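Structure first, then comments.
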Amino acid sequence: MKLITSHETTDFDALASCVALQKLFPGSVIGLSGGFAPNVHQYLALHSDRFRTQRCQDLDLSQVDMLMVTDVRRRGRLAHVEEVLDRAASNPRSVRVLVWDHHPSAPDDLYSDEEYVQPVGSVTTLLVEELRARGSDVDREEATLFSLGIHEDTGSLVYARSSSRDAIALAWLLGQGAQPGLLQRFLRPPLDAVERELLVRLLEAVRDVPGFGAPVGVAALETAEVPAGLARVSTEAFRILPHDALFCAYRLPNGKTHVIGRAQVNTVPVGAILQELGGGGHAGAGSASVHDASLDEVVSRLHAAVERSCRRPQFVRDLMSSPVRTVAPDMPLSELAHSLHEWGHTGAPVVEDGNLVGVISRRDVERAQREGRGALAVKSCMAHHVRSVGPDAPLTEALDQMTAHNIGRLPVLDGARIVGILSREDVLGHLYEESPC
Ligand SMILES: [Mn+2]
């Protein structure tokens, strides 16, 4: 028997890639753990005749002579085919193991005969590329399912790990008849009453990781909800909260703690952090299941892992320009206009006796000149109320100020003394450097 499988709690990328593999290897059987993400569960309630999956426990796994594993290669997430993997390890000739995946490697990766691992946003993309290269016919139900897999894992192409290959695969699938109008219905069904109640408790339980500059949140709570629902609730909480990364630790009635992590910047590598708790995942999303610790212990392990694995957060002092060109309040506006032009600056802080007393923008100077007030001093048209930031503030705080108040050049103050300036240009350069991982 040729068996296709994927990780426990089947999501759309797992299901779509299994179905794509079955097209590439006709006659093979899709055998899964039996646990589905709620949205996949709802999808299969309508599509289970079209796309047939079985539970591994209902199959005679001793007959498997070829095992195709997709969207995972960690043994810890493949308990439902453990006996096949054990047999492959002890008698490699009895079964061939092929792997398709897009996750980073982990210590418990399984041994395989062939491995197709690429850093794309969704593993379905790899298989769609193969179907396309072989000239396979893909009908509209298949094209829609494959699109669901790619949309789910790339957040519809907005997650940091999305690649041009994912976008090209989606474009091709649209050409094959994928139904965009159906995507939303299956991808993000609304939370049910239990999930909404859990979301409210989660939002109240979130605490910032102490002593850490980047806004990382940890929430710990007890629940009887199933892991698949937990993932949905965690994703929703992350979407609402202002944190760059969020870790949710759920204590289940069986004594295990299920941890789910989400992040949108690569300064917080979720997969690596959760690997320290025995789990894993991508830079932006991951999970872990902890058996041997209380909820408090799990939280302190999370704190320690965050401190160890995160890149040093960026502070204002890391990006600000220094020293700062300042002007005196008595400088004539016409002279300032000349200086600003020479420096290529759009404004300047006004300093008296080493202290910041105002700011003046090029626009204000130009207006004064147009109105014949060019001979007046800077202090006559500077703004006295100045927003500023401290050098040790996290960069995110400065970004919030700049976007909320539309500030192009934010003075950096140490007490009353100006020690630097943070410009839009400095911040944009940093934002675009945070490349996908
Ligand atoms: Mn995936």
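The values are calculated or read from the model by the stated rules, or taken from the named source; none is laboratory data. Note that the structure is a prediction, hence the values are computed from the model and not measured. Glycine gets a Cβ as well: all are built from the backbone with ideal geometry, and neighbour counts include every protein chain shown. Please note that ligands, DNA and RNA were not included when accessible areas were found on the heavy atoms of the full protein model with its side chains. Shrake-Rupley method; radii C 1.70, N 1.55, O 1.52, S 1.80 Å.
Summary of computed values
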item	result
Residue that is over 20 Å from residue 288 (Cβ atoms) and touching a residue at least 12 places away in the same chain (Cβ under 8 Å), where the choices are 190, 227, 210	210
Residue list for the stretch 371-399, restricted to those being within 22 Å of residue 351 (Cβ to Cβ) and polar (S, T, N, Q)	380, 388
Number of positions in the stretch 16-68 that are within 16 Å of the ligand (Cβ to nearest atom), more than 24 Å from residue 233 (Cα to Cα) and in contact with a His (Cβ under 9 Å, 6 or more places away or on another chain)	0
Sole residue being under 31 Å from the mean Cα position of the chain (by Cα), in the same structural domain as residue 130 (by TED's automatic domain parsing) and modelled with pLDDT of 95 or more, chosen from 105, 17	17
Matching residues, the stretch 193-215, being out of contact with any Ser or Thr (no Cβ under 9 Å at 6 or more places or on another chain) and within 19 Å of residue 281 (Cβ to Cβ)	209
Matching residues in the stretch 143-160 - criterion: being among the hydrophobic types (A, V, I, L, M, F, W, C) and either over 9 Å from residue 178 (Cβ atoms) or touching a residue at least 60 places away in the same chain (Cβ under 8 Å) (or both)	145, 146, 148, 150, 157, 158, 160
Qualifying residue in the stretch 219-227 (condition: under 30 Å from residue 318 (Cβ atoms), open to solvent by less than 10 Å² (accessible area, probe 1.4 Å), at pLDDT 90 or above and not in a strand (DSSP E or B))	no
Flag if residue 350 is open to solvent by less than 70 Å² (accessible area, probe 1.4 Å) and not in a loop (DSSP other than H, G, I, E, B)	yes
Checking residue 423 against (1) touching a Leu at 6+ places or on another chain (Cβ under 7 Å); (2) open to solvent by less than 30 Å² (accessible area, probe 1.4 Å), the condition it does not meet	(1)
The stretch 302-337 - residue that is assigned to a loop (DSSP other than H, G, I, E, B) and of a type in the set (S, T, N, Q) and, of those, modelled with the lowest pLDDT	314
Lone qualifier among 396, 403 - being polar (S, T, N, Q), surrounded by 14 or more Cβ atoms within 10 Å (Cβ to Cβ) and over 22 Å from residue 323 (Cβ atoms)	396
Extreme residue, farthest from the ligand (Cβ to nearest atom), among residues of the stretch 150-183 that are in a helix (DSSP H, G or I), touching a Phe, Trp or Tyr at 6+ places or on another chain (Cβ under 8 Å) and farther than 22 Å from residue 264 by Cβ	173
All positions within the stretch 151-169 that are open to solvent by less than 20 Å² (accessible area, probe 1.4 Å), in contact with a helix residue (DSSP H, G or I) (Cβ under 8 Å, 6 or more places away or on another chain) and not acidic (Asp, Glu)	154, 169
Selection count where residues are assigned to a loop (DSSP other than H, G, I, E, B) and polar (S, T, N, Q), scope the stretch 12-49	3
Condition broken by residue 88, with the remaining ones in (1) touching a strand residue (DSSP E or B) at 6+ places or on another chain (Cβ under 8 Å); (2) within 15 Å of the ligand (Cβ to nearest atom); (3) in a helix (DSSP H, G or I) satisfied	(2)
Selected residue [modelled with pLDDT under 90, over 25 Å from residue 337 (Cα atoms) and in the same structural domain as residue 332 (by TED's automatic domain parsing)] from 397, 425	397
Total residues in the stretch 91-104, condition open to solvent by 40 Å² or more (accessible area, probe 1.4 Å) and either more than 16 Å from the ligand (Cβ to nearest atom) or without any contact (Cβ under 8 Å) to a residue 24 or more places away in the chain (or both)	4
Residue that is modelled with the lowest pLDDT [pool: residues in the stretch 108-118 that are assigned to a strand (DSSP E or B) and more than 14 Å from the ligand (Cβ to nearest atom)]	109
Filter pass, residue 82 being surrounded by fewer than 17 Cβ atoms within 10 Å (Cβ to Cβ), within 16 Å of the ligand (Cβ to nearest atom) and either outside any helix (DSSP H, G or I) or not assigned by TED's automatic domain parsing to the domain that holds residue 278 (or both)	no
Long-range neighbours under 9 Å by Cβ, at least six apart or interchain, first residue open to solvent by 10 Å² or more (accessible area, probe 1.4 Å) within the stretch 118-140, second within 11 Å of the ligand (Cβ to nearest atom) and at pLDDT below 95	119/161
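For every residue, the table says whether it meets (1) touching a Ser or Thr at 6+ places or on another chain (Cβ under 8 Å); (2) more than 20 Å from residue 76 (Cα to Cα); (3) part of a strand (DSSP E or B).
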{"residue": "272", "(1), (2), (3)": "yes, no, no"}
{"residue": "277", "(1), (2), (3)": "no, no, no"}
{"residue": "292", "(1), (2), (3)": "no, no, no"}
{"residue": "341", "(1), (2), (3)": "no, yes, no"}
{"residue": "356", "(1), (2), (3)": "yes, yes, yes"}
